[in-house]
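*Asks:* Mind looking over this structure? Questions follow.
Throughout, read-outs are computed from the coordinates displayed, never taken from laboratory work. A quick note: this is a predicted structure, and the numbers were derived from the prediction, not measured. Neighbour counts are summed over all protein chains in view; Cβ atoms, including those assigned to glycine, are modelled from backbone coordinates with ideal geometry.
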Amino acid sequence: MLDAATLDSLAAAFAALGRLHREAPDETALRGFRDLIEDWPLAALEPEGKDSAAGPSNAGPSNAGPSNAGPSNAGLPSAGLPNSGSSSAGPSNPGPSNPAPAGAAAVGEAGTADASTRTRWHGGTDAGRAATGAGMEQIRESARAGETPEEIRRDHDLLYGDTAAARVAPYESVHRGVDGLVFGEATLEVRAAYQALSLQAPKLNQEPDDHIGLEFDFMAQLTLQVIDALYGDDAARAEKLMTHGTDFLRDHLLVWAPQMLDLATQHAQTHFMKGVVLLSIGALDSYAELLDLPFERP
């Protein structure tokens, strides 16, 4: 049985991480993300095997039932996927994407409950929860070290090639295609998956659809649609959407993202970006474990 509280936690994590993979945080977003890291919606594993310093959620385990907050209308970060208007049409003129605040604010607004009341999901494997714990610690260390938005932006640029050659290409087609180029077959497959939910990349035909940040954002938006279906007592639609999400994780993100994120942990120079990458590994592990999909790190 699908649990809205669990899905809410996953949607919040994927939305926030998708935004941070797409663009470096400004000063406000950076401060907010650091402030809210102890409310990260996915549980961490400390070295001794206990949950992270924030402690267990007062709301109890994820099988406690749906959140009382109901579906959020806050939308997702503006760097994500806007509605395309029609899943069957070609490129269209998308309306506004109802942007939520950047960075950490998405943790509080992407799901059905804000960060102070959200049930922290304690699923995922020990390895995934260990990655989450390490990521949280890297974000704390970023604050202790006084890393500035400018330093993080430079690291983001060097890592993903925002304005120069990338140390780690953030596009699925580069990692999966024979020629290692963007806009390959994987890009078109990802585009079709978006269109099935009436979503499209914000810069269609100008930038590849298969950026890791957009793929994370897609999983967040899909999950929010599942929650909406659950609150609307439409179990059939919720199951159909979850099948779509399972297919997307199995056929796309889990095929290439673990290797890409592993490379990013080696090349990131700031604690902040290392934290984002490690939190992403933990989030993928958590969703894969929920759907009983294998998550294989390099």
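*Asks:* Once you put a point 7 Å from the Cα of Leu293 and another 7 Å from the Cα of Glu185, both along the Cβ direction, what distance in nm separates them?
*Replies:* The answer from the label model is 1.9 nm.
*Asks:* Please state the charge dipole magnitude for region 172-284, taken about the Cα centre, from unit charges on C-beta atoms (+1 on K and R, -1 on D and E), reported in debye and rounded to the nearest 20. Don't skip to the end; give the middle numbers.
*Replies:* Numbers: 7 positive and 16 negative charges, 48 e Å.
Approximately 240 debye in magnitude.
*Asks:* Across region 198-212, in residue order, what do the Karplus-derived ³J(HN,Hα) couplings come to in whole Hz, using 6.51 cos²θ - 1.76 cosθ + 1.60 with θ = phi - 60° and x for Gly and Pro?
*Replies:* With coefficients 6.51, -1.76 and 1.60, one gets 6, 10, 8, 4, x, 10, 4, 6, 10, 10, x, 6, 9, 5, 4 Hz.
*Asks:* When a/c reaches 1.5 or more, the comparison of a/b and b/c decides; with that in mind, is region 118-223 rounded, prolate or oblate per its Cα gyration tensor?
*Replies:* Details: a/c = 2.01, a/b = 1.30, b/c = 1.54.
Taking the square roots of the gyration eigenvalues as a ≥ b ≥ c, region 118-223 is oblate.
*Asks:* Each residue of region 216-230 in order: what ³J(HN,Hα) in whole Hz does its phi give by Karplus 6.51 cos²θ - 1.76 cosθ + 1.60, θ = phi - 60°, with x for Gly and Pro?
*Replies:* 5, 5, 4, 5, 5, 5, 4, 5, 5, 5, 4, 4, 4, 5, 5
*Asks:* What does the extension gain come out to for Ala235 and Lys203, with contour length at 0.36 nm per residue minus their alpha carbon separation? Could the numbers behind the result be given before it?
*Replies:* Working: separation 32, 0.36 × 32 = 11.52 nm, distance 3.33 nm.
Net length gain for the segment: 8.2 nm.
*Asks:* With r defined as the distance between the Cβ atoms of Arg31 and Glu141 and R0 fixed at 22 Å, what FRET efficiency is calculated, to the nearest 0.05? Let's see the in-between values first.
*Replies:* Numbers: r = 16 Å, r/R0 = 0.71.
About 0.90, to the nearest 0.05.
*Asks:* Peptides 276-282, 8-14, 246-252: what's the order by average Cβ count within 10 Å, highest mean first?
*Replies:* Working: 276-282: 27.3, 8-14: 29.6, 246-252: 17.0.
Answer by packing, highest mean first, reads 8-14, 276-282, 246-252.
*Asks:* Averaging sequence separations of C-alpha pairs under 8 Å and six or more residues apart, then dividing by the length of region 199-285, give the relative contact order as a whole percent.
*Replies:* Details: 38 pairs, mean separation 16.7, N = 87.
Once divided by the residue count of region 199-285, the mean separation gives 19 percent.
*Asks:* Assign unit charges at the C-beta atoms only (+1 for Lys and Arg, -1 for Asp and Glu), then state the dipole size of region 128-224 relative to its Cα centre in Debye, rounded to the nearest 20.
*Replies:* Rounded to the nearest 20 debye, it is 220 debye.
*Asks:* While we're on this one: So how strong a dipole does region 191-254 carry about its Cα centre when Lys and Arg Cβ are +1 and Asp and Glu Cβ are -1, to the nearest 20 debye?
*Replies:* Working: 5 positive and 11 negative charges, 17 e Å.
In debye, rounded to 20, region 191-254 gives about 80.
*Asks:* Report the far tail of the P(r) of region 201-276, meaning the percent of Cα-Cα pairs longer than 14 Å. Write out the running numbers ahead of the final one.
*Replies:* Working: 1997 of 2850 pairs.
Above the 14 Å cut-off, region 201-276 has 70 percent of its Cα pairs.
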